[in-house]
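The next block holds one structure in the form of structure tokens; read it before the comments.
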Amino acid sequence: MIEISGLYKVFNEGKPNEKIALENVNLSVGDGEMLAITGASGAGKSTLLNILGTLDFATKGTVAAYDLTLSAMTPKELAKYRGEKVGIVTQYPFLIEGVSAKDNVSVPLLNGKVKRQEREKRCAEMLDSLGLSEFANTDVSVMSGGERQRVAIARALINNPSLILADEPTGALDKANSEKILEIFFKLNRMGKTVIMVTHNEEIAKKCARNVVISDGKIISDTV
Ligand SMILES: Nc1ncnc2c1ncn2[C@@H]1O[C@H](COP(=O)(O)OP(=O)(O)OP(=O)(O)O)[C@@H](O)[C@H]1O
Ligand SMILES: [Mg+2]
């Protein structure tokens, strides 16, 4: 369960280049929902997703996920949330360059709780499900944009998160790979995961049970 209330995000507050990216956003997302967020470029979609993923924090208002207020989390709670609860695919995924796809994907499993053999197995299965088996040992630096995007998706999903946040996850993919990725997200949703996906693609949005439209930092429509 996610509960966002009175959320504001202001960049460069008080400066000439001040930008209100989110303005009084209120949104509740129940467990197991599949939600598409659409809206024009610059509307605030990534800002909202990044706040939910704790990559950024609210200027005002509260965001609670799984009974924790994100801005008030202790470092320990934050680590647990990031490591176990949420999987985020950012709009421009950062990968560890010079390192193989497999090693990038295994990063969230390096918490001392998963044995090496188990890590190898889970990474191999995850890469396979994303059509990346042949790239397991390839340095991500030499992979294509779409391949890199899939590595980032694999890394976001490897810890079996309850909440999946994806910012234009199919933006760099061809039709076949887009469909494959979407099918993975829909399958995870059927298994009870909450999926919040930013997309510019109306067709993809329509397939999601709930559509939220953001315009100029405000939610202007929310339809189920
Ligand atoms: N770190 C930042 N500093 C200043 N302004 C920012 C910052 N991040 C985002 N913005 C501004 O906030 C607004 C919302 O940005 P955001 O990235 O959330 O848009 P978006 O809806 O994801 O757009 P797109 O569809 O192009 O990805 C934009 O006007 C953007 O320029
Ligand atoms: Mg964006």
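The values are calculated or read from the model by the stated rules, or taken from the named source; none is laboratory data. As the structure is a prediction and not an experimental result, all values here were calculated from the model. Don't worry about glycine lacking a Cβ; one is built from the backbone with ideal geometry, like all the others, and counts go over all protein chains shown.
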Single residue of region 121-179 satisfying the filter (of a type in the set (Gly, Ala, Ser) and touching an Asp or Glu at 6+ places or on another chain (Cβ under 8 Å)) that is nearest to ILE51 (Cα to Cα): SER162
All positions within region 1-18 that are under 30 Å from ILE164 (Cβ atoms) and outside any strand (DSSP E or B): MET1
Some residue of region 195-217 being out of contact with any Gly (no Cβ under 6 Å at 6 or more places or on another chain), within 21 Å of ARG122 (Cβ to Cβ) and in a strand (DSSP E or B): yes
Strands (runs of 3 or more DSSP E) within region 27-90 that include 3 or more residues away from ligand 2 (no atom under 16 Å from the Cβ) and surrounded by 15 or more Cβ atoms within 10 Å (Cβ to Cβ): 60-65
Whichever residue in region 165-194 is more than 16 Å from ligand 2 (Cβ to nearest atom) and part of a loop (DSSP other than H, G, I, E, B) and, among such residues, is nearest to the chain's Cα centre (by Cα): LYS193
Hits in region 100-155 (condition: closer than 21 Å to LEU188 by Cα, within 21 Å of the chain's Cα centre (by Cα) and among the polar types (S, T, N, Q)): SER106, SER129, GLN149
Number of positions in region 1-52 that are under 19 Å from ASN211 (Cα atoms), over 20 Å from the mean Cα position of the chain (by Cα) and free of Cβ contacts under 8 Å to residues at least 12 places away in the same chain: 0
Options ASP174, ASP167, ASP128; residue that is charged (D, E, K, R), farther than 24 Å from VAL29 by Cβ and modelled with pLDDT of 90 or more: ASP128
Residue that is surrounded by the most Cβ atoms within 10 Å (Cβ to Cβ) [pool: residues in region 96-125 that are outside any loop (DSSP other than H, G, I, E, B), modelled with pLDDT of 95 or more and of a type in the set (A, V, I, L, M)]: VAL105
